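Inspection log for the structure reproduced underneath, given as structure tokens.
Just so it is clear, none of the values below were taken in a lab; they were calculated from the coordinates. If you're wondering where the values come from, they're calculated on a predicted model, not measured in any experiment. Note that we place each Cβ from the backbone using ideal geometry, even for glycine, and neighbour counts take in every protein chain shown.
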Amino acid sequence: MKENPIILGIESSCDETAAAVICGRKLLSDEIISSASVHALYGGVVPEIASRAHTDAVDEVVARALAKANIQKEQLDAVAVTYGAGLLGALLVGLSFAKGLSFGLNIPLIGVNHIRGHLAACYLEDENLKPPFITLLASGGHTAIIYVKTETEFEVLGSTRDDAAGEAFDKVARVLSLPYPGGPHVEKLAREGSDTVAFPKMLKGLGGYDFSYSGLKTAVINYVHTKEQKGEPWSRADVACSFQKAALDILAQKAVEGALEKGVNTVAAGGGVIANGYLREKLTECCKKAGLKLVLPEKKHCTDNAAMIAAEGLVQYRAGNFSPLSLNAEASIPLR
Ligand code: KG4
Ligand code: ZN
């Protein structure tokens, strides 16, 4: 087993077809072909369109990643691929492609849990990062505070009881007539507004490390509908700003609390919502105040990408966890 293997990562769980090559924790290339603009026409990801787009793009994106890394496929030591969670048809495209490479090149196949990939993105940001630390995970499907004991052992301290943070951004975006995916658009609009709408502090009400976003989302929807029905003026930018603050302050706060309680000196983060500039500032501020080190993946490694899949592939490679060619795609898998 090599200390610093060359690993190709492939991701196709949703609307991004991505491939990346790493050598140890060093990122050699990182390519994405996205079908997001097509899905935006429908207000959300259309599974059949996503599958077809992956089929069209996977060959090219892998070829590009190998070329940019200046690596011949025969030099690869393993191929890591997302096998879940995600859209089944979409996952099968990347998984089948990776199996073909694994079989043809006679190299190990490493099936990667997409969420573990989001957590592993921080290893590319800081080559020396070592557990234990606390990770704040906030994506379109998950929101959790996780105690990372070792690279392969986790304890979920708390998670959302209903909607994920990213999901709340997407739903609020819809109410504000912003396109899909909503997060970046809400963030942009929020920059033009101020925190003038007092959305209930229902997020604060939950003890421990749990979250609830459904109440906040409903409060935003009710606020907008009431204003419209009464014909009263209201500011879209102020709603975006107030919602964003209510949704994100609590994440930074609980991540820091988790680190202090567990006695670790580092907070890391992963998932699409971590690309949010306001949240990044808040995390920076809260960690600084508490004397904690913060590791934030680059914004492009927060949203879906293949670099994080290769990074988690490396974790599994070093642990000797390889997958059989019979590995199947799974629509939903726990963090394991
Ligand atoms: O991690 P990700 O790309 O896919 C999943 O695994 O779910 O996360 C996508 C989610 C979407 O809900 C999107 O609206 C949200 O991340 N997101 C953001 C931002 N960029 C993406 N939310 C808030 N602010 C952003 N800048
Ligand atoms: Zn994701």
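Report, in deg cm²/dmol and to the nearest 500, the calculated mean residue ellipticity at 222 nm for the chain, where each DSSP H run with n ≥ 4 adds -39500 (n - 2.57) and the sum is divided by the residue count.
Roughly -14500 deg cm²/dmol at 222 nm, from the helical runs in the chain.
If you put +1 on each Lys and Arg Cβ and -1 on each Asp and Glu Cβ, how big is the dipole of the chain around its Cα centre, in Debye rounded to 20?
So the dipole magnitude of the chain works out to roughly 580 debye.
Using only alpha-carbon positions, what ratio does the radius of gyration of the range 277-336 give when scaled by 2.2 N^0.38 Å?
The value comes to 1.58.
Name the shape class, rounded, prolate or oblate, that the alpha-carbon gyration tensor gives for the range 1-145, where a ≥ b ≥ c are the square roots of its eigenvalues, rounded holds for a/c under 1.5, and otherwise prolate holds if a/b is larger than b/c and oblate otherwise.
oblate
So for the chain, taking the charge dipole from beta-carbon charges (+1 Lys/Arg, -1 Asp/Glu), which of 334, 66, 14 sits furthest toward the positive end?
Farthest towards the positive end: 334.
Assign unit charges at the C-beta atoms only (+1 for Lys and Arg, -1 for Asp and Glu), then state the dipole size of the range 35-104 relative to its Cα centre in Debye, rounded to the nearest 20.
60 debye
Tell me the Kirkwood radius of the chain: reciprocal of the mean inverse pair distance over distinct alpha-carbon atoms, in Å.
Hydrodynamic radius (Kirkwood, Cα only) of the chain equals 20.4 Å.
If amide H atoms are built 1.01 Å from N in the plane of the peptide, which residues on other chains or at least 5 residues away come under 5 Å of the amide H of residue 133?
148
Report the extension gain between residue 52 and residue 227 in nm, rounded to one decimal, defined as 0.36 nm multiplied by the number of residues separating them, less their alpha carbon distance.
58.8 nm
Testing the spin-label approximation: label points 7 Å from Cα along Cα→Cβ at residue 70 and residue 319. State their distance in nm.
In this crude label model, residue 70 to residue 319 measures out at 3.4 nm.
Just to compare against my own numbers: the Cα pair-distance distribution for the range 126-181, 5 Å bins, whole % per bin, please.
The percentages, shortest bin first, are 4, 18, 19, 17, 13, 11, 9, 6, 2.
With 21 Å as the limit, write out which pairs from 254/289; 149/289; 2/130 have Cα-Cα distances beyond it, or answer none.
Over 21 Å apart, Cα to Cα: 149/289.
Highest mean first, how do 155-167, 106-118 rank when packing is the count of other Cβ atoms within 10 Å averaged over residues?
Descending packing order for the listed peptides: 106-118, 155-167.
List the residue ranges in the chain for DSSP H helices whose C-alpha atoms run 30 angstrom or more along the long axis and whose Kyte-Doolittle average is -1.0 or above.
Result, helices passing both filters: 47-69, 236-262.
Near residue 188, which aspartates and glutamates are there with a Cα under 13 Å away, not counting those fewer than 8 places off in the same chain?
By straight Cα distance, residue 188 reaches 238.
Give the value in nm², to one decimal: projected area of the alpha carbon convex hull of the range 237-336, averaged over all directions.
Here the figure is 8.8 nm², rounded to one decimal.
Could you point to the residue in 324, 89, 240 farthest towards the positive end of the chain's charge dipole, with +1 and -1 charges on the Cβ of Lys/Arg and Asp/Glu respectively?
240
Placing unit charges on C-beta atoms (Lys and Arg positive, Asp and Glu negative, everything else neutral), compute the dipole magnitude of the range 262-336 about its Cα centre in debye, rounded to 20.
380 debye
Normalising by the residue count of the chain, find the relative contact order in percent from Cα pairs under 8 Å and 6+ residues apart.
Relative contact order here is 25 percent.
Please report the spacing between the Cα centers of the range 298-322 and the range 59-83 in Å, no decimals.
Their Cα centres are 14 Å away from one another.
I'd like the FRET efficiency for residue 253 and residue 4, computed as 1/(1 + (r/R0)^6) with the beta carbon distance as r and R0 of 30 Å, rounded to 0.05.
The formula returns an efficiency of 0.20 here.
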